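The values are calculated or read from the model by the stated rules, or taken from the named source; none is laboratory data. Small disclaimer: the values here were computed from a predicted structure and weren't measured. When we count neighbours, we look across all protein chains shown, and the Cβ atoms used for this are built from the backbone with ideal geometry, even at glycine. Surface accessibility is based on the protein's heavy atoms, side chains included, excluding ligands, DNA and RNA. Shrake-Rupley method; radii C 1.70, N 1.55, O 1.52, S 1.80 Å.
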Amino acid sequence: MQRCLALSFIALCLLSMCCVFSRRLSMKVVKEPTNYGMGLINQEPAANQSPLKTRVPPANFSGPSHLLQLKGKCLTKLSNDYKYQLCLFDNATQHEQTLRWNPFNGVLGVWQQWVIENNTFVAMMMQEGDPCGNRFRSAKVELACGNKTEIESISEPETCHYLMRLKTPLCCDPRSLLVYPTLPRDLQEEWELLEGSLLYGDITLQGYKKQLQSVFLRAGLLMSSEQKKVQKSLQNDLEKRRKLSEGNFDSLMECQAEYRKLYANFTSLQMQSSTEISNVTAAVV
């Protein structure tokens with residue numbers, strides 16, 4: 001009990017110092033590599049290097065069932081001074097292959113939804129990547145026919161928004177990327193009714209597109225804004241708990257709140273220790 005009390009007191013003192021200093025200066029501590037100038041191009045990450053963490057979890061698999069065999073398959077491609085890794089239906093990452101002291105290693109995006117055009121799956125959207133100024137990185141993965149599954153090309157048409165072209169023999173059949181066959185029968189029937197309503201002028205083209213978007217949402221091919229909000233909220237909550245467990249605080253208020261909890265625990269242990277000492281003293285007397 002005395003040892004536990006002592007450790008709690010030490011932790012309390014350290015946390016108190018943290019809160020005092022955080023009032024004076026708010027700063028971000030960056031862990032810099034110690035191997036300046038010693039890196040090798042294309043080298044594997046060091047064993048003690050922290051793995052990349054995604055801001056949100058990937059969405060569930062959706063789309064043509066024959067593409068399920070690609071789920072979890074990771075492809076790599078070297079382009080200029082970067083190594084790109086695409087894990088299908090999971091995430092896309094970028095790793096700088098230079099001798100700079102702080103090469104970039106980050107998440108370009110996490111699997112979220114499909115891009116659908118003219119009843120066809122045309123691309124996979126990897127979104128919610130690492131921060132890039134006032135936005136988040138993303139990657140659009142276009143699908144094309146090829147003799148083997150590989151990343152054909154990578155470009156950055158807009159800052160922090162990447163375009164990958166994925167070739168695979170699984171997309172060579174003209175019917176392989178049609179959306180309609182992947183839908184359950186009730187949604188197929190709803191789509192058929194929409195086509196008829198558009199044909200006979202019962203709805204406008206804008207109304208047709210809006211209702212068809214709803215069909216895709218319910219099929220799980222797209223993510224609604226509400227789903228994204230819930231997903232981000234859960235991820236933020238997990239990240240906050242992790243930071244608190246590691247003693248990292250985003251604000252003085254968080255630090256003070258944790259200090260009050262620890263102080264309450266310390267006071268409780270102190271009272272228990274005093275009670276035990278009194279009982280032992282009474283027994284001896």
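Annotations
- Full-stretch length increase - residue 122, residue 185 - with 0.36 nm per residue and alpha-carbon distance subtracted: 20.4 nm
- Cut-off 15 Å between beta-carbons: net charge of the residues surrounding residue 66, Lys and Arg +1, Asp and Glu -1: +2
- Residue 213-residue 163 pseudo-label distance in nm [points 7 Å out on the Cα-to-Cβ vector]: 2.3
- Cα gyration tensor category, rounded, prolate or oblate, for the range 149-222 with a/c compared to 1.5: prolate
- Exceedance of the 25 Å cut-off in Cα-Cα distance is limited, within the set 73/140; 77/140; 53/210; 148/209; 77/209, to 53/210; 148/209; 77/209.
- Solvent exposure, largest accessible area first (probe 1.4 Å, DNA, RNA and ligands not counted), of 151, 116: 116, 151
- Across the range 84-101, computed HN-Hα scalar couplings (Karplus, 6.51 cos²θ - 1.76 cosθ + 1.60, θ = phi - 60°) run 9, 10, 10, 9, 4, 6, 9, 7, 10, 10, 10, 10, 6, 10, 10, 9, 4, 5 Hz from first to last residue, x flagging Gly and Pro.
- Accessible surface ranking for 101, 191, 1.4 angstrom probe, highest first: 101, 191.
- Working from label points 7 Å from Cα in the Cα-to-Cβ sense, the residue 199 to residue 52 distance is 4.7 nm.
- Between residue 142 and residue 78, the FRET efficiency from the beta-carbon distance, with R0 = 25 Å, is close to 0.80.
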